[in-house]
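Input: a single structure, listed below in structure tokens.
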Amino acid sequence: MAKPKFTTLDSLSLQDIDSEAELIPLMTPEDEDAINREELPPSLPILPLRNTVLFPGVVIPISAGRDTSIALINEANKGGKVIGVVAQKDEEVENPSADDIHRVGVVARILRVLKMPDGNVTVIIQGKKRFRVSEVLTEKPYMTATITEFNETKPDLANTEFKAVVDSIKELALSIIQDSPSIPSEASFAIKNIESNSFLVNFVSSNMNLTVTEKQELLEIEDLQKRAMETLKFMDMERQKLELKNDIQSKVQNDMSQQQREYFLHQQMKTIQEELGGVSADDELEEMRARSKKMKWNEKVAKHFKKELSKMQRMNPQVAEYSIQRNYLDLFLDLPWNKFSKDKFDLKRAKRILDRDHYGLDDVKRRIIEYLAVLKLRNDMKSPILCLYGPPGVGKTSLGKSVAEALGREYIRMSLGGLRDEAEIRGHRKTYIGAMPGRILQNLRKAGTSNPVFVLDEIDKLSTGSQGDPSSALLEVLDPEQNSEFHDNFLEMGFDLSKVMFIATSNSLNTIQPALRDRMEIINVTGYTIEEKVEIGKRHLLPKQLEEHGMNDKQLKIAKPQLEKIVEGYTRESGVRGLEKQIAKMVRYGAKNLAMEEEYNVKVSNEDIIEVLGVPRMQRDKYENNDVAGVVTGLAWTRVGGDILFIESALSKGKGTLSITGNLGKVMKESATIAMEYIKANAQELGLSSEIFEKYNVHIHVPEGATPKDGPSAGITMLTSLVSLFTQRKVKKSIAMTGEITLRGKVLPVGGIKEKILAAKRARIKEILLCEQNRRDIEEIKQEYLKGLTFHYVSDMSQVLELALTKQKVKNAKKL
């Protein structure tokens, strides 16, 4: 229910009155009967009301501002003080005509007229009886009309349903008044003391929060019981609205109390943090906001950061998500968005740096200089993905550092060995507790620029675990067409990696995912010759170890002959890591004597080497078995570079079985079987009797059985060994071979040629047999590596046997 208001007849605002009690008469049934007995005049002056409806018996105040309304009230106040009150159809109409008013209204008696200081007139009126407008007579100076009485149909006194409705109206009205703080307590007193059922319905209808149209519809209902039912329905709706409103206000009040409590606690916490010398949450937010203004962000990133900063501002600093959000925003501010270091395009200086730090590796250096040259000419080039492939210890990782110095870029190294979680590359989603960005973005944050030299070390040693495949996650990182929008799960935005120069290192290409290998440019970093190792030891390894042990070149000197002795006698590798360990032992020997002030040779002699390092362990095979049929030297590729191996064959009486030993793989065993079948198929051309294969067992052995061996490149070696065994013709001295064979006797090309050539040269081999198609591999090798070697290119096994076997048989040859 609504609090009684002044009702405006024009655009004036509603005003509260001082005492509502004066406007709530206690009408008795006798008063109602007296009103009903009154006869209506045939015509009345009509007062249009803008925003309310007058009900019989109800007293309301109205404020009149229109000239016609003031004139009507003044005239009526002098005469009989009875007027007709009708509601307007549209309250916006300033001067209503006959068509702008409703046809049902209420006869009203003027109780009091008050003149206001602003010139308006306030009049208090009471409704009497309902009437219907028959005809509008005049509209000037005010509206007059002929009227007829609009009688009300009342139910019988014994009607229990009507009594129940009236009682419900009274109870519901009292409940609404009690729960609504805006309705005065006098209204409750009035409701309790109303005796007339008709006046009760009219009084409640007049004070409900209904529209003018709804109130007019109630006024026009002729049947009192029906009008009472409609009034009860509206009251029930108002009761539900009031309960909902009170419920919302209660919740809002509780929320406000909780917010005020948290506010005071945060203020106290802020004061405590400041007293302890810490930084409050508000200060952190201001610091982040200030830092963000200095960032070189595009509009999309800046908008996202502001949104996330606002989210953090709304968070409670004590919840776990707050620290995650803070770490997230710190990452945004720490990442080098569009921050690049200036490249140095002095190609001669870059070449000097590469030559200074690494001896040899001409192919790699040439490729880097080519990249710098193109970058200098275009000044805008997507960085290539280089993969340095080769055995350990050849300088793949340290080469990346030299490239960074030559370019003038920051240097980052990230080891991928054993990595098995995709999140290490792409990061965790920040919905998890302890979420972190991937190691790619973490390293870029440390570098401080978006174009560093990024070395991905040991890319061939990536693993696959239950948390995803890191190799697949690297596909986006190492694809120049995709990495301009690299998506990190923690960052949740694309970050540009296209300006980063990625250099991957690998010992093997077989374990790299094919799709990943396809995205990289493979540069083969082969092993070093003895001469190169000596130079590397002299220029780099010895000075480095002297510095690390607190010595200088005047306190210990190792000449080239001694370095060569160390290389030949104590190392067998493609790289120089083992050589560095042996040099470190010699330096420690000098450091110990120097610290203990004992005499020692500043110039290291051969005797000193044997004393410190012991007897040489890497004794080269001297082919002492060349006088025995069936022994052939082969060339093999291993993960640590090239090496030589011996294939031995022997015959024993039996039923023609073939036995193979030496820790060989499936492919190598198949090569032995193919070689044996080729000999059987071509026995007549080789001068062999077919009966031999039924009377003798053949055994093939590859020494050093602790080392696993596999691959097809030992095919021609095995075939030569078996032919030598069957024909008892010995193999030429200082000759080695490598190549795959087919059942027809064709020789196929193999890989790892450079590593195998270096191994042959270390073993003092003079002649090498290769497939004709491997000629191009030899042409790519520097001539200084090939000095002292003779190459024979073959395409058929008959050529191999012709070149490898001598004409005469070995001494004491077996009679087969």
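The values are calculated or read from the model by the stated rules, or taken from the named source; none is laboratory data. These numbers come from a predicted model, not from an experiment. Cβ atoms come from the backbone with ideal geometry, glycine included; neighbour counts cover every protein chain shown.
May I ask you to verify whether residue 766 is of a type in the set (D, E, K, R) and free of Cβ contacts under 8 Å to residues at least 60 places away in the same chain?
Yes: the conditions hold for residue 766.
Here's a check for you: in the range 202-250, which residue that is among the acidic types (Asp, Glu) and closer than 16 Å to residue 172 by Cα is surrounded by the most Cβ atoms within 10 Å (Cβ to Cβ)?
238
Mind checking which residues of the range 475-490 are free of Cβ contacts under 8 Å to residues at least 24 places away in the same chain, not polar (S, T, N, Q) and not in a helix (DSSP H, G or I)?
Once the filter is applied, which keeps residues that are free of Cβ contacts under 8 Å to residues at least 24 places away in the same chain, not polar (S, T, N, Q) and not in a helix (DSSP H, G or I), the range 475-490 yields only 481.
Considering only residues of the range 492-509 that are within 18 Å of the chain's Cα centre (by Cα) and among the small types (Gly, Ala, Ser), which is nearest to residue 325 (Cα to Cα)?
494
Return yes or no: is residue 326 of a type in the set (D, E, K, R), in contact with an Asp or Glu (Cβ under 8 Å, 6 or more places away or on another chain), part of a helix (DSSP H, G or I) and not assigned by TED's automatic domain parsing to the domain that holds residue 449?
yes
Scan the range 425-470 for residues that are β-branched (Val, Ile, Thr) and surrounded by 19 or more Cβ atoms within 10 Å (Cβ to Cβ) and jot them down.
425, 440, 453, 455, 459
Looking at 206, 175, can you tell me which residue is out of contact with any Leu (no Cβ under 6 Å at 6 or more places or on another chain), touching a residue at least 40 places away in the same chain (Cβ under 8 Å), hydroxyl-bearing (Ser, Thr, Tyr) and closer than 16 Å to residue 60 by Cβ?
Result: 206 is the single residue among 206, 175 that is out of contact with any Leu (no Cβ under 6 Å at 6 or more places or on another chain), touching a residue at least 40 places away in the same chain (Cβ under 8 Å), hydroxyl-bearing (Ser, Thr, Tyr) and closer than 16 Å to residue 60 by Cβ.
So which residues in the range 205-235 are closer than 19 Å to residue 85 by Cα and not in a loop (DSSP other than H, G, I, E, B)?
Of everything in the range 205-235, those that are closer than 19 Å to residue 85 by Cα and not in a loop (DSSP other than H, G, I, E, B) turn out to be 205, 206, 207, 212, 213, 214, 215, 216, 217, 218, 219.
With hydroxyl-bearing (Ser, Thr, Tyr), assigned to a loop (DSSP other than H, G, I, E, B) and modelled with pLDDT of 80 or more as the only criterion, which of 359, 432 stands out?
None of the others qualify; the one that does is 359.
When you go through (1) surrounded by 15 or more Cβ atoms within 10 Å (Cβ to Cβ); (2) under 55 Å from the mean Cα position of the chain (by Cα) one by one for residue 704, which number turns out not to apply?
Failing condition for residue 704: (1).
A quick yes/no check of all residues on (1) farther than 24 Å from residue 532 by Cα; (2) among the β-branched types (Val, Ile, Thr); (3) in contact with a His (Cβ under 7 Å, 6 or more places away or on another chain); (4) surrounded by fewer than 19 Cβ atoms within 10 Å (Cβ to Cβ):
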| site | (1), (2), (3), (4) |
| --- | --- |
| 387 | no, no, no, no |
| 398 | no, no, no, yes |
| 402 | no, no, yes, no |
| 405 | no, no, no, yes |
| 413 | yes, no, no, yes |
| 417 | yes, no, no, yes |
| 422 | yes, no, no, no |
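Can you pull out the helices (runs of 4 or more DSSP H) entirely within the range 714-803 that have at least 3 residues that are over 19 Å from residue 530 (Cα atoms)?
Correct list: 715-727, 775-779.
When you scan the range 61-82, do you find a residue that is assigned to a helix (DSSP H, G or I), of a type in the set (Ser, Thr, Tyr) and assigned by TED's automatic domain parsing to the domain that holds residue 44, even just one?
Yes, the range 61-82 contains at least one residue that is assigned to a helix (DSSP H, G or I), of a type in the set (Ser, Thr, Tyr) and assigned by TED's automatic domain parsing to the domain that holds residue 44.
Looking at (1) modelled with pLDDT under 90; (2) within 19 Å of the chain's Cα centre (by Cα); (3) within 27 Å of residue 330 (Cβ to Cβ), which is the one condition that is false for residue 469?
Going through (1) modelled with pLDDT under 90; (2) within 19 Å of the chain's Cα centre (by Cα); (3) within 27 Å of residue 330 (Cβ to Cβ) one by one, residue 469 breaks only (3).
Identify, by number, the condition in (1) in contact (Cβ under 8 Å) with a residue 60 or more places away in the chain; (2) within 24 Å of residue 99 (Cα to Cα); (3) acidic (Asp, Glu) that residue 186 doesn't meet.
Checking residue 186 against (1) in contact (Cβ under 8 Å) with a residue 60 or more places away in the chain; (2) within 24 Å of residue 99 (Cα to Cα); (3) acidic (Asp, Glu), the one that fails is (2).
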